[in-house]
Each structure stands twice: as structure tokens, then as C-alpha cells.
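Chemist: Have a look at the structure that comes next, please.
The values are calculated or read from the model by the stated rules, or taken from the named source; none is laboratory data. Values in this document were obtained by computation on a predicted structure and should not be read as measured data. Because the Cβ atoms are built from the backbone with ideal geometry, glycine has one as well, and the counts that use them run over all protein chains shown.
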Amino acid sequence: MDESDYKENSVLAYIASARQSKCKNDIVNTSVVFYEESQIKAAKELLFGIANVKLVWRWSENKNRENCADIVDLFKKCDDEAISLPRFVTGNYDGFPPVYGYDIIGGVIGNLIDEVKELKSEIKDLKDARLNNIGMLENQYFMKEELLEIKGILKQFKQKQMLESGRRDSVILDNIEKIVEQSGNRNGNDGSTNPHAFEMELHHVLNNTGSPSAPRLSQVSTVDGSENVGWCENERAESPLRIPTYSVVIQETVVVLHETQTSEASEMTGGAVDDQAGAERIEASNGPSVRPKQQLGFDKATRSEDTAGDKTRKVNNTPVTDEDGFTQVNRKNKRIPKASPEDRKWGGDREGQQKGRRPGSVRGTKSVHNSRFKGSARTADIHIGNVDLESDVEDVMQYVQDDLQIKVIGCSELVSQYANRNWKSFKLTVDMNDRERLLQPDCWPESVNVRKFYIPRPIKHQND
């Protein structure tokens with residue numbers, strides 16, 4: 001035999017010799033643990049080149065195991081097809097793994113290697129999640145800083161607009177005062193009124209005196225032609241400013257002015273009231289900046305006088321407080337009176353009253369000795385958990401009867417919904433008088449859990 005018939009490769013030499021006495025799984029486990037990745041790749045490349053088979057590399061997480069499995073499969077294929085292979089030898093004395101016991105160690109070490117790979121992948125995922133959380137926190141911090149800057153800008157803008165709104169209110173009041181004085185002078189001179197001219201002048205002042213950011217005023221209602229006309233602000237317009245609310249009512253020669261922001265209207269009564277010209281009066285109030293609904297259009301008091309005979313007034317349900325400070329409240333829904341103790345007895349009159357609970361059962365107290373008719377003894381169910389898997393029902397009953405000297409009425413093993421568990425559970429039935437004694441921790445072995453047995457309520461699903 002020539003030297004060309006020998007090939008030096010420790011991996012192929014071990015696999016070729018181990019195939020005669022070991023299975024494929026043991027050979028693969030031992031090779032993966034004992035030899036390095038570079039040695040396994042070199043052995044696979046050499047064997048596939050000799051057998052003239054297309055070489056395919058494995059790139060999965062268990063690539064070394066799959067490469068060793070490919071080598072073992074190729075050896076078997078060569079034997080089946082009678083392909084001659086050279087003899088593989090090792091070049092050093094420690095080229096082979098130990099003969100006995102290393103296959104078991106190799107399997108354990110292989111499993112540990114797989115677990116380490118999974119652990120590395122999980123650690124990588126945790127690091128990526130941590131980096132993502134850090135990025136999100138930084139974005140939130142920058143967003144909060146931007147919101148603070150925006151709040152500061154809005155605050156400055158609001159203060160500036162409030163100053164401009166104050167100047168606008170003063171200009172509007174001055175113009176309205178001039179219009180009212182002119183109207184009073186005209187009424188006093190010729191004894192006649194021209195409501196259309198007054199309306200046009202007042203509407204022109206309220207609409208043309210404003211800032212770019214403030215909403216314009218619009219006419220909202222007209223009643224009886226030109227006798228009753230009212231103006232109010234556009235309630236649906238969105239504006240960051242607090243615009244003063246005006247409600248102007250004109251009926252023949254009566255003018256009612258409501259102004260809710262300033263107190264300068266109280267100074268206007270001197271020049272606007274003329275007893276001979278007509279009944280012109282100006283009312284001012286310091287109410288909120290948003291006008292309630294009853295002030296829209298024309299005055300509520302004037303309109304209610306015309307419709308008092310047509311509509312029914314609502315009943316005043318305002319609570320009344322007496323001298324002692326107690327408030328009487330009228331409830332809409334009357335409560336049903338509860339039944340008295342006499343009505344709850346058997347045979348009582350329960351007509352027209354709320355239905356009460358069903359009376360409980362009566363427990364007998366008479367002692368009976370010479371009769372087969374007697375009550376059954378009260379029992380209690382005890383749950384015994386965390387019991388060793390080798391224990392059974394006979395062991396539990398023997399322990400309770402012999403060691404604790406307690407009579408056992410029944411005992412059964414419980415079936416858990418979890419398949420993989422390392423403990424057992426039992427249901428123990430004893431006399432009610434022995435329950436408190438069995439619930440003491442010094443009666444049971446160490447690590448055994450004991451409690452009252454509860455029967456879970458059935459879960460009702462939607463389709464039941």
C-alpha cells in the first residue's frame with residue numbers, strides 16, 4: 001500500500017473508526033465538542049473533494065453539528081455505492097477523543113453551547129431595546145423643551161393681545177357714547193325718532209373697530225321688520241382673546257346696552273338720558289366675558305312679555321333651605337319602602353312591597369339516639385398541595401390516620417391543568433370538628449401546603 005492511500009486528518013480518522021461501534025448522534029456530539037470549527041471545515045472539504053461531491057456549507061446557528069452530520073452521511077453513501085476511500089490517520093497522539101464516557105459529556109457540552117448561543121441572542125435583543133428606550137427618552141426631553149418654549153411665546157402673545165383688546169374696548173365705548181348723545185339730541189329737537197339711522201351707525205362702529213385677531217360682530221336676528229333688531233358676537237369664531245360682550249336692543253325709542261367687560265358705562269347715563277325726548281336708558285353689569293344664551297339676539301325680558309300668554313311657564317324646582325340650614329330636595333324617582341320584619345316572616349302580607357330575600361333553612365338541634373333517622377355529620381374539605389410525586393392517596397390517608405389520629409372520610413388525587421409539574425395535590429375530607437387542627441402548620445411535613453378547599457365557579461362565556 002502506497003503513501004497515497006493514506007490521508008492525515010484527525011476528524012475523518014475518528015469518524016471512520018467510530019462508525020463501527022457508535023451511532024450517528026454520539027459521533028456528531030463528540031466531534032462538535034472535541035474538534036474546532038476550522039478542523040471540521042477542513043475535514044468536510046477534503047472528504048467531499050475525494051468523493052467528487054458538490055460541497056455545500058451550512059450557515060445556521062448549529063453549523064458545526066450539521067457539517068459533522070454531512071460527513072457521516074457521506075461515509076455511509078460511499079459504503080452503499082462501493083466508492084473506495086483512502087485510509088485516514090491522525091498526525092499526533094491526542095488526535096482522538098477519549099474512548100469511554102466522552103460521548104455523554106459531549107452531548108451535555110453541546111446542549112450548553114446551544115444555550116449559550118441563545119443567551120447571547122437574547123442579550124443582544126435586550127441591548128437593542130435599551131438603546132431604543134434611551135432614544136425615546138431623549139426625544140421626549142427635547143419635545144418638552146420645545147413645548148416650554150411654545151408656552152412662553154403664547155404667554156407673551158396673550159399679554160400683548162390683552163393690552164390691544166383693552167384699547168379697543170375703550171375706543172368702542174367712546175364711539176357708542178357719541179352715537180347715543182347724537183341720537184338723544186336729534187330726538188329732543190324735532191320730537192321724532194329715526195331708528196334705522198341709529199342702527200346703521202352703531203353697527204358700523206361695532207364692526208369696524210377691532211383688531212385683526214378678534215372676530216367680527218354679525219346680525220343674528222330681526223323681529224317685526226325694523227322695530228326689534230339685535231346684534232351679538234360670532235360665538236362660533238375661535239379666538240384666544242376675551243372680547244367684551246354687547247347686546248343692543250332697540251324698540252321704538254328704548255335702547256338697552258349690556259356691556260360685561262368695563263365699568264365705564266356707568267358714566268354714560270348723564271348725557272344719554274333725556275326725559276322729554278324718550279325713554280333711553282343704559283344698563284351696565286360686570287358679568288363674565290362669555291354672554292349666556294338668554295342674551296343672544298334681543299333682550300329676553302322684552303321677548304318674554306309678548307309670549308307670556310302663549311307658552312306655559314316651567315315649574316321652579318330650586319331647592320329651598322330652611323332656617324336651620326337644611327335643604328329639601330325633590331327626587332324624581334321614588335324609592336320603594338323596605339319590608340318590615342313582620343312582613344318578612346312566612347305568611348306575611350307582601351303586596352305592593354319590594355320582594356325580599358328567601359328565608360334561610362332551619363337546622364335541627366334535637367338529640368336522637370334510638371332512631372335510624374338522623375342528620376349526617378358535617379364534613380370539611382382540605383386541599384393538600386406541593387406533595388412529592390412518589391406519594392399517593394394511601395400514603396396521605398395513612399399519615400393522617402396513624403400519625404395525626406384523625407378519621408379520614410375520603411381522599412382523592414387532584415388533576416392539574418398543567419402537564420409539566422413536579423408535585424401532586426390531594427383533596428382530603430374529614431369531620432368538621434377536625435378542620436381547625438388540620439390547618440395548623442405543625443401537623444404537616446415540611447414544604448407541604450395546606451388550605452381550605454375552594455370550588456371555583458364555572459366561567460360563563462358569551463356564546464354559552
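Chemist: Being surrounded by 10 or more Cβ atoms within 10 Å (Cβ to Cβ) and either assigned by TED's automatic domain parsing to the domain that holds R19 or hydroxyl-bearing (S, T, Y) (or both) narrows it down to one residue among I83, I105; which is it?
Modeler: I83
Chemist: Taking interchain pairs and intrachain pairs at least six residues apart, which have beta carbon atoms under 9 angstrom, with the first residue in the stretch 72-89 and on the phi > 0 side of the Ramachandran plot and the second hydrophobic (A, V, I, L, M, F, W, C)?
Modeler: Note: no pairs meet the criteria.
Chemist: What residue, of K151, K124, K144, K158, is touching a residue at least 40 places away in the same chain (Cβ under 8 Å) and not aliphatic (A, V, I, L, M)?
Modeler: Step by step, each of K151, K124, K144, K158 is checked, and only K158 is touching a residue at least 40 places away in the same chain (Cβ under 8 Å) and not aliphatic (A, V, I, L, M).
Chemist: Sort out which residues of the stretch 429-464 are modelled with pLDDT of 90 or more and assigned to a loop (DSSP other than H, G, I, E, B), and write them in order of number.
Modeler: Answer for the stretch 429-464, where residues must be modelled with pLDDT of 90 or more and assigned to a loop (DSSP other than H, G, I, E, B): L439, Q440, W444, P445, E446, S447, V448, F453.
Chemist: Kindly indicate which of I40, I105, I50 is in contact with a Leu (Cβ under 8 Å, 6 or more places away or on another chain) and not in a loop (DSSP other than H, G, I, E, B).
Modeler: I50
To keep it simple, each residue is scored yes or no on (1) part of a loop (DSSP other than H, G, I, E, B); (2) farther than 18 Å from N449 by Cβ.
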{"position": "R363", "(1), (2)": "yes, yes"}
{"position": "H369", "(1), (2)": "yes, yes"}
{"position": "A377", "(1), (2)": "yes, yes"}
{"position": "G385", "(1), (2)": "no, no"}
{"position": "E390", "(1), (2)": "yes, no"}
{"position": "D395", "(1), (2)": "no, no"}
{"position": "D402", "(1), (2)": "no, yes"}
{"position": "Q405", "(1), (2)": "yes, yes"}
{"position": "G410", "(1), (2)": "no, yes"}
